[in-house]
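*Asks:* Structure incoming, see below.
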Amino acid sequence: MSEFDLGALGWTTELAEQLEPGLVPGRVVAAHRAAYDVQTADGNVRTRLPGRLLHESLDVAVGDWVGLGEGLIRVVLPRRSAIVRQAAGRTSEKQTLAANVDLGFIVTSLGPELEPRRIERYLVTIWESGAMPEIVLTKADRVDDPAEQVAAIEAVAVGVPIHVVSALTGQGCDALRARLQPGVTAVLIGSSGVGKSTLVNRFAGTERMAVKKTRADDDEGQHTTSHRELIELPGGGLVIDTPGIRELQLWDAGGIDEAFTDVEDLAAACRFNDCSHSTEPGCAVNAALESGELAQERYDSWRKLQRELRAIAVRADARLRREEKRKWQLRARDGRSRARRI
Ligand SMILES: Nc1nc2c(ncn2[C@@H]2O[C@H](COP(=O)(O)OP(=O)(O)OP(=O)(O)O)[C@@H](O)[C@H]2O)c(=O)[nH]1
Ligand SMILES: [Mg+2]
Ligand SMILES: [Zn+2]
């Protein structure tokens, strides 16, 4: 059997040093309901977590480097980045969308449905992850002149590179592909139907991912991609395709400072350190709102995301207490069963 070169997937000596001897290294390339596909030097294996790690809800995501033992995942190596959101639904569980990612491509389509406000939330998530955000505006062929929409995105994505592409005409695709150098991992995230899988297929040169067949099927909420998958591109570069996200719930809003540097800089210039930007004299934020330098909507989203941040912190505290309690219960139970064995 020909050996698969793990280096092409980003395996490094630093990672190798962190792996216990005896375990087989591999990268998680697809996540299914209860199973994972892991690429090892000897090929692609379908695997899962052993019962104990499943019980401890070990977090495994596409892009993770894992150590396999007797065919099962025994360990997840430390991540250099992780894109995390609050799982969909009424839970307060976290969900890792992708791990060990260098570039987070926030994908949205040009046209009447473009929603710049939605991008801010994605930016907070990517900044927090440790990956670098870039914005990909797709379906450029559908608009005569994207300049106005691009400007609207620039206003919410201060200092973030923006790509305007069309998978139909090829516009901007080579420049975007050039971002995916060998060893670089990018993830595509965004709403359903914006053209993530279409781009992946174009870069892969084959129909790697299923895409919506006709425009008539282009129905919001009807997700075509149903699982996350890491794809190795010919010529190097790795890209993770993900299912469309309906609403991105923040998990940890630590990235808010980077996503809102314009507002944070203004707030830092207020006369009082603890300025609430309401009626205080010398408030730089209010002055910028009045002069129009800062758009009211931008300020409002900043406040809204900060409120979410506080709610998240409260939830995280409660969760920590629950986890502590659970660990304590597990230890107590282990202690009891050991006592019985003696
Ligand atoms: N006009 C035009 N249509 C495009 C372009 N890119 C993708 N599409 C169409 O948009 C539809 C959705 O594309 P997909 O690639 O399946 O979208 P997706 O983001 O992967 O969607 P999910 O997997 O549901 O998240 C398909 O019908 C594509 O043919 C483009 O550049 N121009
Ligand atoms: Mg898709
Ligand atoms: Zn102020």
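The values are calculated or read from the model by the stated rules, or taken from the named source; none is laboratory data. Since this is a predicted model, take the numbers as computed values, not measurements. Heads up, the Cβs are rebuilt from the backbone with ideal geometry, glycines too, and the neighbour counts pull from every protein chain shown. Note: areas computed on protein heavy atoms with side chains; ligands, DNA, RNA excluded. Shrake-Rupley method; radii C 1.70, N 1.55, O 1.52, S 1.80 Å.
*Asks:* Tell me, for the chain, which Cys residues have no other cysteine's C-beta sitting closer than 4.7 Å.
*Replies:* Result for the chain is Cys173, Cys283, no neighbouring Cys Cβ within the cutoff.
*Asks:* With every protein chain present, what is the per residue accessible area of the chain (1.4 Å probe, Å²)?
*Replies:* Details: 18010 Å² over 342 residues.
It amounts to 53 Å² per residue over the chain.
*Asks:* Here's a follow-up. Roughly speaking, what is the stretch gain from Thr206 to Glu264, that is 0.36 nm per residue apart minus the C-alpha to C-alpha distance, in nm to one decimal?
*Replies:* Between Thr206 and Glu264, full extension yields an extra 16.4 nm.
*Asks:* Okay, next question. With only alpha-carbon atoms in the gyration tensor, what are the semi-axes of the equivalent ellipsoid for region 82-241, in Å, largest first? Numbers along the way, then the final one.
*Replies:* Working: eigenvalues 87, 75, 62 Å².
The three semi-axes for region 82-241 are 21, 19, 18 Å.
*Asks:* Sticking with the crude label model, points 7 Å out along Cα→Cβ, report the distance from Leu58 to Phe4 in nm, one decimal please.
*Replies:* The modelled label-to-label distance comes out at 1.9 nm.
*Asks:* If I histogram all Cα-Cα distances within the chain using bins 10 Å wide from 0, what percent of pairs lands in each bin?
*Replies:* Taking every Cα pair in the chain, the percentages come to 5, 22, 29, 24, 14, 5, 1, 0.
*Asks:* Moving on. How large is Rg/Rh for region 18-149, to two decimals, with Cα atoms and a Kirkwood Rh? Don't skip to the answer; put the middle values down first.
*Replies:* Numbers: Rg = 18.3 Å, Rh = 16.9 Å.
Rg/Rh: 1.08.
*Asks:* What figure, in Å² to the nearest 10, do you get for the accessible area of Trp65 with a 1.4 Å probe and non-protein molecules left out?
*Replies:* Using a 1.4 Å probe on the heavy atoms, I get roughly 0 Å².
*Asks:* Please build a GNM for the chain, connecting alpha carbons under 10 Å apart, and tell me which residue among Leu248, Leu266, Leu305 fluctuates the most.
*Replies:* Its mean-square fluctuation being the largest, the pick is Leu266.
*Asks:* Shifting gears a bit: Could you give log10 I(q)/I(0) at q = 0.20 Å⁻¹ for region 6-76, computed by the Debye formula over C-alpha point scatterers of equal weight, without solvent?
*Replies:* -0.77
*Asks:* Can you give the helix-only mean residue ellipticity at 222 nm for the chain, where every DSSP H stretch with n ≥ 4 adds -39500 (n - 2.57) and the sum goes over all residues, rounded to the nearest 500 deg cm²/dmol?
*Replies:* Values: 10 runs with 115 residues, N = 342.
Roughly -10500 deg cm²/dmol at 222 nm, from the helical runs in the chain.
*Asks:* What is the pair-distance distribution P(r) of region 256-335, computed from all Cα-Cα distances in 10 Å bins starting at 0, with each bin given as a whole percent?
*Replies:* 16, 35, 18, 13, 11, 6, 1
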